[in-house]
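**Q** Sharing a structure below in structure tokens format, with a few things to ask.
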Amino acid sequence: MISRLEQLRSEALGNLQAIGDAVKLESWRVNYLGKKSELTGILRSLSSLEVEERKITGAMANRLRAELESELNKKRSALEEAQLASTAEEADIDITLPGRPMPRGRLHPINQTIYEVCDIFGSMGFQVKEGPDVEWNYYNFEALNIPDEHPARDVMSTSWVDAAPDSTMGPMLLRTHTTSVTARMIESNDPPIRVVEPGKVYRYEATDATHTPMFHQIDGLAIDTGITMADLKGTLYEFARRFFGEGRGVRFRCDYFPFVEPGVEMAIECLVCNGRGCRLCSNTGWIEILGAGMVHPRVLERGAIDPDTYSGFAFGMGIDRLPMLRYGIDDIRLFYNNDLRFLSQF
């Protein structure tokens, strides 16, 4: 038995030396260390030997098994290293070079703009508030001085929600402007109030270079005693100075919005032609960026705020338009196509 173990050792190690791939190595393992191998059979038959012979044969068989397992592991490691080296040579890769860094994510340019605008107004004492995307007719229209028959509803292109209307609030809809949050703020807070309200808004419109069914707005509201148009102009001028640059010209002109009186539009000097006139600004030298005005007394009354004691201003702007103006982007759809070649520039 001892002689056979010596022969088995010499045979096994000799065959192992000649193996050059993982498949043959596995066959070698099964042949010499598997459950049906000769060595395993010798270990199982030890009980039939005499005591002294059993001790000697068992010790030698166990040493042989341990040696073969150790050599098997060495051979497996050598084959794996050889395979890696071969793969690196075929791919012409220098395995000593550092690994390639994984690409890092970043904020979407619309979110970047929202955070920047909120930071600017936050530094002027405004809080950030949000409201529901699915809104009641009351907050979206009625509370903002836009009754059912008002022509301003025609330009809103409202998407109505198929749900049972409320006897007080009316039917439900996807909000058409974040001014609906302004109505909620007036109703649920006592002056002084100073908030900005970012969020998504929805219009039933076809998609083109300047329109999408969903886009972003941010509204602002300030209510207190003694607030005047001068406060509104100063606040918006400071915003334009910080967002578009120190030397950017600002212009205010009269405009109409049902929930403010008087109403104004604010335009900035064209970023492309610097006021000289070009195709982007329709040769006027100015680009409108927002609407604003003094909060209408009826809107204050609906929120149980006395318009004889308090006054306030409100404004609203399209968030998507701000980076388009700043970076000269001419198609709003680029923000929503998920093209990393575009988004990675911001």
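**Q** Give all pairs with beta carbons closer than 6 Å in which a residue from the stretch 312-324 that is on the phi < 0 side of the Ramachandran plot meets a residue that is charged (D, E, K, R) and in a strand (DSSP E or B); count only pairs at least 6 apart in sequence or on separate chains.
**A** These pairs meet every condition: 316/219.
**Q** Here is a further query. Of all helices (runs of 4 or more DSSP H) completely enclosed by the stretch 240-346, which ones contain at least 1 residues that are surrounded by 13 or more Cβ atoms within 10 Å (Cβ to Cβ) and within 35 Å of the chain's Cα centre (by Cα)?
**A** Details: elements: 297-302, 321-327, 340-343.
Those helices (runs of 4 or more DSSP H) span 321-327, 340-343.
**Q** Which of the numbered conditions does residue 196 fail, given that it passes all the others? Conditions: (1) part of a loop (DSSP other than H, G, I, E, B); (2) under 28 Å from residue 322 (Cα atoms).
**A** Only one criterion in (1) part of a loop (DSSP other than H, G, I, E, B); (2) under 28 Å from residue 322 (Cα atoms) is unmet by residue 196, namely (1).
**Q** Going residue by residue through the stretch 122-135, is there one that turns out to be under 22 Å from residue 215 (Cβ atoms), assigned to a helix (DSSP H, G or I) and not hydroxyl-bearing (Ser, Thr, Tyr)?
**A** No, that holds for no residue.
**Q** Has the stretch 12-24 got at least one residue that is loosely packed, with under 14 Cβ neighbours inside 10 Å, without any contact (Cβ under 8 Å) to a residue 40 or more places away in the chain, outside any loop (DSSP other than H, G, I, E, B) and of a type in the set (A, V, I, L, M)?
**A** Yes, the stretch 12-24 has at least one match.
**Q** I'm trying to understand the selection: among the residues of the stretch 213-239, which are surrounded by fewer than 15 Cβ atoms within 10 Å (Cβ to Cβ) and in a loop (DSSP other than H, G, I, E, B)?
**A** Within the stretch 213-239, 213, 225, 226, 228 meet the criteria.
**Q** Residue check: is residue 113 surrounded by fewer than 10 Cβ atoms within 10 Å (Cβ to Cβ) and either part of a helix (DSSP H, G or I) or outside the structural domain of residue 219 (by TED's automatic domain parsing) (or both)?
**A** Answer is no for this residue.
**Q** Pairs needed: first member in the stretch 119-143, polar (S, T, N, Q); second member anywhere, assigned to a loop (DSSP other than H, G, I, E, B); C-beta distance under 7 Å; at least 6 residues apart or different chains.
**A** 137/169; 137/171; 140/175; 140/176
**Q** Quick one: which of 65, 76 is buried (at least 16 other Cβ atoms within 10 Å of the Cβ), among the charged types (D, E, K, R) and over 26 Å from the mean Cα position of the chain (by Cα)?
**A** Working: 76 fails: buried (at least 16 other Cβ atoms within 10 Å of the Cβ).
Sole residue among the options that is buried (at least 16 other Cβ atoms within 10 Å of the Cβ), among the charged types (D, E, K, R) and over 26 Å from the mean Cα position of the chain (by Cα): 65.
**Q** Separate question: Please go through the stretch 183-212 and pick out each residue that is surrounded by fewer than 18 Cβ atoms within 10 Å (Cβ to Cβ), in contact (Cβ under 8 Å) with a residue 60 or more places away in the chain and touching a His at 6+ places or on another chain (Cβ under 9 Å).
**A** 200
**Q** Can residue 104 be described as at pLDDT below 85 and farther than 30 Å from residue 340 by Cβ?
**A** It is false that residue 104 is at pLDDT below 85 and farther than 30 Å from residue 340 by Cβ.
**Q** Based on this model, can you work out whether residue 43 counts as touching an Asp or Glu at 6+ places or on another chain (Cβ under 9 Å), on the phi < 0 side of the Ramachandran plot and surrounded by 11 or more Cβ atoms within 10 Å (Cβ to Cβ)?
**A** Answer is no for this residue.
**Q** So, one more: Taking residue 15, is it at pLDDT 80 or above, farther than 30 Å from residue 243 by Cβ and either among the aromatic types (Phe, Trp, Tyr) or in contact with a Phe, Trp or Tyr (Cβ under 9 Å, 6 or more places away or on another chain) (or both)?
**A** Judged against the criteria, residue 15 is a match.
**Q** Could you tell me which numbered condition residue 330 fails, if it satisfies all but one of (1) over 24 Å from residue 176 (Cβ atoms); (2) at pLDDT 85 or above?
**A** (2)
The values are calculated or read from the model by the stated rules, or taken from the named source; none is laboratory data. Being a predicted model, the structure only gives us computed values, none of them experimental. Heads up, the Cβs are rebuilt from the backbone with ideal geometry, glycines too, and the neighbour counts pull from every protein chain shown.
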